[in-house]
Amino acid sequence: MDSVKFAARVADEKKADYIKILDVSSRLMITDYFIIIGAKNPKLTKRIEEEIELNLKKHGLHAIGIDGVNEGNWILMDYDEFIIHIFTEEYRLYYDLERLWRDSKLIKLGAKKPAGNNDHKKKTHTGQ
């Protein structure tokens, strides 16, 4: 959970317009949390993705996969226990993941705390 909140804080520091953390663990087997992030434009979504990736790597967390960076309208970062969705505002409103997952528990960001990687199972991905 610390890593989830840490990633959301990085997005906040990079001027994301919108950040929601959803606990989807009771509804999905593939992940525990969705972080939904909105930004003004593809340039900003790409900058947020780069910062999150860089900061999580510093804490020993590596994405299983990252998709959508070239276009930048919807970037998906898969960290196994959590998935980060970084949208332009237009795409965020169109896909409306919050509505689709509205029965999921909303997680509050809370006080700042450094990320720890002890709450995640390490997974390696050899296809990158």
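The values are calculated or read from the model by the stated rules, or taken from the named source; none is laboratory data. Fair warning: this is a prediction, and the values are worked out from it, not measured in the lab. So basically every Cβ, Gly included, is an ideal-geometry build from the backbone, and we count neighbours across all protein chains shown.
The set of residues from the stretch 57-71 being exposed (fewer than 13 other Cβ atoms within 10 Å of the Cβ) and under 13 Å from the mean Cα position of the chain (by Cα) comprises just one member, Asp67.
Pick out, from the stretch 21-99, the strands (runs of 3 or more DSSP E) lying fully within it that include 1 or more residues that are more than 14 Å from Val10 (Cα to Cα) and free of Cβ contacts under 8 Å to residues at least 60 places away in the same chain. Give the steps one after another, and end with the answer.
Working: elements: 33-39, 65-67, 74-78, 82-88.
Because the criterion is at least 1 residues that are more than 14 Å from Val10 (Cα to Cα) and free of Cβ contacts under 8 Å to residues at least 60 places away in the same chain, the strands (runs of 3 or more DSSP E) in the stretch 21-99 that meet it are 65-67, 74-78, 82-88.
Filter the stretch 9-20 for residues that are in a helix (DSSP H, G or I) and in contact (Cβ under 8 Å) with a residue 40 or more places away in the chain and give the result. Show your work before the answer.
Residues of the stretch 9-20 that are in a helix (DSSP H, G or I), as a first pass: 9-13.
Selection gives Arg9, Val10, Ala11, Asp12.
Tallying residues that are out of contact with any helix residue (DSSP H, G or I) (no Cβ under 9 Å at 6 or more places or on another chain) and either at pLDDT below 90 or under 11 Å from Asp23 (Cβ atoms) (or both) within the stretch 90-103 yields 5. Here Ser3 does not qualify as assigned to a loop (DSSP other than H, G, I, E, B) and not β-branched (Val, Ile, Thr).
Count of the stretch 16-39 residues, restricted to those that are in contact with a Leu (Cβ under 6 Å, 6 or more places away or on another chain) and aromatic (Phe, Trp, Tyr), is 1. All of (1) crowded, with 21+ Cβ neighbours inside 10 Å; (2) over 13 Å from the mean Cα position of the chain (by Cα); (3) among the charged types (D, E, K, R) hold for Glu49 with one exception: (2).
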